[in-house]
1. With label points built 7 Å along Cα→Cβ from the Cα atoms of PHE19 and LEU148, find their separation and express it in nm.
2. Could you tell me what percent of the accessible area of the chain is made up of carbon and sulfur, with a 1.4 Å probe and every protein chain present?
3. In debye to the nearest 20, how big a dipole does the range 26-128 give about its Cα centre with +1 on each Lys and Arg Cβ and -1 on each Asp and Glu Cβ?
4. Compute the accessible area per residue over the range 1-118, keeping the other protein chains in place, probe 1.4 Å, unit Å².
5. Expressed as an acute angle from 0 to 90° and rounded to the nearest 10, what is the orientation of the C-alpha long axis of helix 59-78 relative to the principal long axis of the chain?
6. Could you tell me which chymotrypsin sites (Phe, Trp or Tyr not before Pro) in the range 53-110 are loop residues by DSSP with no more than 12 other beta carbons within 10 angstrom of their beta carbon?
7. With θ set to phi - 60° and the Karplus curve 6.51 cos²θ - 1.76 cosθ + 1.60, what are the ³J(HN,Hα) couplings of the range 20-30 in order, to the nearest whole Hz, using x for Gly and Pro?
8. Which loop GluC sites (Glu not before Pro) in the range 73-134, with loop taken from DSSP, have no more than 10 other Cβ atoms within 10 angstrom of their Cβ?
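The values are calculated or read from the model by the stated rules, or taken from the named source; none is laboratory data. In this text, all values refer to a predicted model and were calculated from it rather than measured experimentally. Cβ coordinates were reconstructed from backbone atoms using ideal geometry, including for glycine residues, and neighbour counts include every protein chain displayed. Surface areas here come from the heavy atoms of the whole protein model, side chains and all, with no ligands, DNA or RNA. Shrake-Rupley method; radii C 1.70, N 1.55, O 1.52, S 1.80 Å.
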Amino acid sequence: MKKIRNPYAGLEDKGYNCFACCPSNPFGLKMEFYEDGEDVVCLWDSRNEYQSWVNTLHGGIQATLMDEIGGWVVSRKLQTTGMTSHLNVKYRNPVPTGVTLEIRARLKEMKRNLAFIEATISHEGKVCSSAEMIYFCFPKDRAASEFLFNGCELED
């Protein structure tokens with residue numbers, strides 16, 4: 001796996017403060033991403049601050065984790081930005097807090113400017129949650145002008 005460089009790092013003065021991936025957001029999830037073949041992967045430590053039931057990760061945080069990694073699939077694999085137009089989450093098993101989770105996503109299909117993406121959250125090899133997403137992908141010129149996106153590369 002190779003680490004994906006955050007294309008927004010250093011743009012905090014221009015408004016970048018994403019709850020999911022901004023490394024300087026004090027309340028954020030601080031997700032980091034890796035490329036593993038066709039997949040984008042995040043290894044994330046589930047902290048007790050994000051629980052619902054005792055020692056169980058809140059379902060809204062689970063949805064956020066999968067929604068965010070879907071956006072990174074768009075950024076890395078399609079080299080543009082987009083917005084979620086559909087997110088369908090299936091909660092299969094409780095997701096524990098206090099452990100490292102694997103969040104994994106991949107592009108399944110493109111139809112014009114719609115990206116169909118699948119994601120999972122796993123712990124110890126067991127899928128706990130899954131999501132099917134549809135992202136509306138912006139043209140690259142709009143991604144650059146409105147969202148300050150200038151490509152998503154791997155670190156050296």
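1. 2.0 nm
2. Here it works out to 51 percent.
3. The dipole of the range 26-128 has a size of about 340 debye.
4. Numbers: 6260 Å² over 118 residues.
Averaged over the residues of the range 1-118, the accessible area is 53 Å².
5. 30 degrees
6. TRP53
7. Each residue of the range 20-30 in turn: 8, 10, 6, x, 9, 6, x, 9, x, 7, 6 Hz.
8. Passing both the DSSP loop test and the Cβ count: GLU124.
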